[in-house]
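Participant: Attaching a single structure in structure tokens format; questions to follow.
The values are calculated or read from the model by the stated rules, or taken from the named source; none is laboratory data. Just so it is clear, the model here is predicted, and its values are computed rather than measured. Cβ sites come from the backbone with ideal geometry, for glycine too, and all protein chains shown count toward neighbours. Only protein heavy atoms, including side chains, enter the accessible area calculation; ligands, DNA and RNA are left aside. Shrake-Rupley method; radii C 1.70, N 1.55, O 1.52, S 1.80 Å.
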Amino acid sequence: MLFSRSWLRPLALTGALALLSCGDDDSTPSTDAFDKEIIVHFADDVVVPTYQQLAARLEALDTASTALAAGPTAERLAAARKAWFDARVPWEQSEGFLFGPVDSFGYDPALDSWPVNRSDLDAVLAGNRDFTPEYVGNLEDTLKGFHTVEYLLFARNPSTGAEKTVQDFTQREFAYLKAISTQLKDIGAALANAWTQSVGGRPPYRDAFANAGEEGNTFYPSVQNAAQEMVGGIVNILDEVANGKIADPYDAKDPELVESQFAYNSLSDFTNNIRSVENAYLGHLPGATAKGPSLADFVKDANPELDTRIRQELTDAIAALALVPEPFRESIQDPNAADEIEAAQEAIRKAQNTFQTDVTRLINR
């Protein structure tokens, strides 16, 4: 995203990974080595199924958008909106592991850039160019992706605040909605496939990650490197939610900086980001059961009290977000909501600090 965040690159510890690898000076040899099966099950039971669910739901969004464009009705508009909400869940629950193809192929900004560039979007919609894949593909990321689809489906009348109806759409808007939802579907499929299939002569990213530490693996030379990648993803999204997604619009009191502002889905997005951390930590998706060892098992074996604290901190962060009044774009300007917003930030920062210090220490020892 711009508010946005290489594939199969030789490992370069930068950003959060650098902090994870050098933030603790404890050189005590490990007595509890990080089990490689944790990496395998994280890839197979969390990452891959999340991206597969995302691909399926983006396909459903494209189907609903195409049907709406072909025959606009209130029912089809409601179906397209529901499909958008449904697709947001796996995307936001994937943001705890924004590494690999989603990063190196630019899928993250292509899917999820905001704020929407409304002035340039108005110019695109007012033009006469056909919305061919080539034309749409060359547009800026802030003119497509999740949030431009959101804007087209949900944006209210700026003068009256009235909810958008099918009568408010222009034919150009329907055509553009169809074009960018198709692109979203294609990106979702490519992202899922990049983890499970060979792409451009490269092996599936799942294999490079899950086979960390094997001879010849220049991308993850050790299991510890992959463990650092896992925890780095967790730290990054907790930081982004507390200090970016919430802090930026709240500090500026600017609704235009709010993610998913048109659909009033911001707090759900943030909550699913915390769910992403839970999924990565527990080693399974919501409603599923663990099929193998998880990061939580590793932490619990080393320090049961720390495991209990992490679980509670994630629960507390989700509970704190639930207390922030909806819609978030209005709450940021309401002094009566300040305590709840800041409490949510602090709860998320607490979990971030625990992963960045205590969990990192266990992995790096």
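Participant: Apply the Karplus parameterisation 6.51 cos²θ - 1.76 cosθ + 1.60, with θ equal to phi minus 60°, to every residue of region 282-291 and state each ³J(HN,Hα) to the nearest whole Hz, in sequence, with x for glycine and proline.
Facilitator: Once rounded to whole Hz, the list reads 7, x, 7, 7, x, x, 9, 10, 5, 9.
Participant: What length, rounded to one decimal in nm, is gained on full extension from Glu256 through to Ala343, with 0.36 nm per residue of separation minus their alpha-carbon distance?
Facilitator: Difference between extended and current length: 29.1 nm.
Participant: What is the dipole size for the chain, taken about its Cα centre, with +1 at each Lys and Arg Cβ and -1 at each Asp and Glu Cβ, in debye to the nearest 20?
Facilitator: For the chain, the charge dipole is close to 920 debye.
Participant: Got a sec to turn the phi values of region 248-260 into Karplus ³J(HN,Hα) couplings, 6.51 cos²θ - 1.76 cosθ + 1.60 with θ = phi - 60°, whole Hz, x for Gly and Pro?
Facilitator: 4, x, 5, 5, 8, 6, 10, x, 5, 8, 7, 6, 6
Participant: Considering the values (1) 37, 25, 17; (2) 33, 28, 17; (3) 44, 32, 20, which represents semi-axes √(5λ) of the Cα gyration tensor in Å as calculated for the structure under consideration?
Facilitator: Only one option fits the structure, namely (1).
Participant: Follow-up question, since we're still on this one. Express the carbon and sulfur contribution to the solvent-accessible surface of region 40-126 as a percent, rounded to the nearest whole number, probe 1.4 angstrom.
Facilitator: Answer for region 40-126 is 54 percent, counting heavy atoms of protein chains only.
Participant: Here's a follow-up. Among Ala296, Ala179, Leu98, whose Cα projects farthest towards the positive end of the dipole of the chain, with charges put on the beta-carbon of Lys, Arg (+1) and Asp, Glu (-1)?
Facilitator: Ala179
Participant: Just the number, please: carbon plus sulfur as a percent of the accessible area of region 219-364, 1.4 Å probe, no ligands or DNA/RNA counted.
Facilitator: 48
Participant: Just the number, please: Stokes-Einstein D of region 35-204 in µm²/s, Kirkwood Rh from C-alpha pairs, 37 °C, 0.692 mPa s.
Facilitator: Rounded, D is 195 µm²/s.
Participant: Whole number in Å², please: accessible area per residue of region 35-204, 1.4 Å probe, ligands, DNA and RNA not counted.
Facilitator: Ligands and nucleic acids excluded, the figure is 40 Å² per residue.
Participant: Could I have the simple spin-label model distance between Thr63 and Glu134, label points 7 Å from Cα toward Cβ, reported in nm to one decimal?
Facilitator: 3.1
Participant: Separate question: Classify region 219-364: rounded, prolate or oblate, from the alpha-carbon gyration tensor (a ≥ b ≥ c, eigenvalue square roots; a/c under 1.5 rounded; otherwise prolate if a/b is larger than b/c)?
Facilitator: The shape class here is prolate.
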